[in-house]
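Every number here is computed from the coordinates shown, using simple stated rules; none is lab data. The structure displayed is predicted, hence computed values, not measured ones. Please note: Cβ atoms are built from the backbone with ideal geometry, for glycine as well, and neighbour counts cover all protein chains shown.
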Amino acid sequence: MLTGQVTVVVATRNRRPGLCRTLVQLTGLPEQPPIVVVDNGSADGTADAVRTGFPQVELIRQERNLGAYGRNLGVRRARTPYVALSDDDSWWEPGALTQAVKVLDAYPEVGLVAGATMVGEQDDPDPLNAVLAASPLSRDGLPGPRLLGFLGCAAVVRRDAFLAVGGYSRLLRIGGEEELLAYDLAARGWPICYQPEIVVHHWPSAARDPRRRRVQELRNHALISWLRRPLAHALADTGQLAATAGRGRDPLAARALAETLITLPRALPRRRPLPDSVEADIQLLEHADGN
């Protein structure tokens with residue numbers, strides 16, 4: 001068992017019961033990792049529940065919702081070389097963090113390892129597991145399939161690499177925000193690889209709003225294209241979103257388009273196209289997906 005090498009960071013907002021269930025699991029892990037909870041302005045007693053029920057957990061209380069960017073505060077607070085990124089409705093299987101540390105210690109070039117996700121009480125494999133395992137990207141000596149994406153609740157990242165690329169963007173909300181971080185890690189020479197032996201249990205929160213989540217995913221995807229992809233691709237993605245929204249036929253896409261256009265003036269100064277090699281890998285994955 002490896003201890004003192006990895007910190008678990010959880011970002012949360014108004015999900016007190018689910019967070020408490022997750023913290024019961026995390027505080028019971030044999031690795032006994034330090035745990036940092038970033039509370040994004042909850043109004044349901046989350047902060048008090050953490051303070052009283054889990055005094056060993058470090059709490060960072062924010063007065064407003066920072067979205068995915070809130071995780072950056074937890075990573076900065078960590079004092080270990082590795083950070084396990086978790087959601088308030090997910091937890092690591094006993095021994096998973098030990099395995100993640102072994103991989104990251106053995107392969108110092110790896111920036112992030114993505115684990116396998118098991119969903120719900122039945123522990124059904126998340127369909128994404130098979131997608132990650134079948135990545136067509138060359139391994140280049142990595143211990144598992146090389147990736148350009150990951151599930152945010154199933155990732156253990158090298159802290160220095162995360163901070164070097166700026167972590168999660170302030171511009172993005174929860175929903176596909178991992179895409180930009182994955183691109184930035186690859187651009188800075190920190191590959192991501194899949195490790196199915198590193199297992200996460202995910203019990204999706206009933207408090208999720210699927211309509212709002214779809215808006216945020218569409219918005220984030222379009223903004224990421226403007227931030228990192230070739231101009232023609234960014235224009236095409238935004239045009240496709242506009243076509244989907246078309247004359248009110250899809251109100252969620254229309255809302256995502258409006259939010260994208262409102263945010264675009266702040267995104268354009270942060271535009272930094274990816275290296276050709278990373279863009280080529282993205283196009284390879286898109287072709288494999290039929291996009």
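Counting only DSSP beta bridges with both residues in the stretch 6-202, the antiparallel share comes to about 40 percent. Peptide packing: for 262-273, 15-26, 54-65, the average count of neighbouring Cβ atoms within 10 Å per residue gives the ranking 15-26, 54-65, 262-273, highest mean first. In this simple spin-label approximation, residue 285 and residue 271 carry label points 7 Å from Cα along the Cα→Cβ vector, and these lie 2.2 nm apart. Ranked for footprinting exposure by Cβ neighbours inside 10 Å, fewest first, 197, 179, 121 give 121, 197, 179. Counted residue by residue at 0.36 nm each, then reduced by the alpha carbon distance between them, the extension gain from residue 197 to residue 105 reaches 31.5 nm. About its Cα centre, the dipole of the stretch 210-289 is roughly 580 debye, where the only charges are +1 on Lys and Arg Cβ and -1 on Asp and Glu Cβ. A cut-off of 5 Å between modelled amide H atoms, ignoring neighbours fewer than 5 places along the same chain, links residue 198 with 116.
Computed from label points 7 Å out along Cα-Cβ, the spacing between residue 249 and residue 235 is 2.3 nm.
Among 22, 99, 65, pick out the residue whose Cα is farthest towards the positive end of the charge dipole of the stretch 1-148, where Lys and Arg carry +1 and Asp and Glu carry -1 on C-beta, about the Cα centre. Checking the options against the dipole of the stretch 1-148, the answer is 65.
Overall, the anisotropy analysis places the stretch 127-177 in the oblate class: the square-rooted eigenvalues a ≥ b ≥ c of its C-alpha gyration tensor yield a/c not less than 1.5, with a/b not exceeding b/c. Between residue 160 and residue 65, the FRET efficiency estimated from the beta carbon spacing at R0 = 30 angstrom works out to 0.65. May I ask for log10 I(q)/I(0) of the stretch 239-291 at q = 0.13, 0.17, 0.32 Å⁻¹, from a Debye sum over the Cα atoms as equal point scatterers with solvent left out? Values, matching the q order: -0.51, -0.79, -0.99.
Taking θ as phi - 60° and the Karplus parameters 6.51, -1.76 and 1.60, the scalar couplings of the stretch 136-146 work out to x, 6, 5, 6, 6, x, 6, x, x, x, 7 Hz in sequence order, x denoting glycine and proline. Here's how it looks for residue 60: its modeled amide H is under 5 Å from those of 37, 38, 39, which are all 5 or more places away or on a different chain. Kirkwood radius, the stretch 66-143, all distinct C-alpha pairs, inverse of mean reciprocal distance: 14.8 Å. Taking every full run of DSSP H in the chain, none both stretches at least 30 Å from end to end by Cα along its long axis and averages 1.6 or higher on the Kyte-Doolittle scale. In summary, the convex hull built on the alpha carbon positions of the stretch 174-291 has an orientation-averaged projected area of 9.1 nm².
Ordered from longest to shortest, the equivalent ellipsoid semi-axes for the chain are 29, 24, 17 Å, each the square root of 5 times a Cα gyration tensor eigenvalue. The fewest-to-most ranking of 42, 138 by surrounding Cβ atoms within 10 Å reads 138, 42. Applying the criteria of a DSSP loop state and at most 10 other Cβ atoms within 10 Å to the trypsin sites (Lys or Arg not before Pro) of the stretch 73-151 yields 79.
About its Cα centre, the chain has a charge dipole of approximately 1200 debye under the convention of +1 per Lys or Arg Cβ and -1 per Asp or Glu Cβ, with nothing else charged.
Charge dipole (Cα centre; +1 on Lys/Arg Cβ, -1 on Asp/Glu Cβ; no other charges) of the stretch 164-241 amounts to roughly 340 debye.
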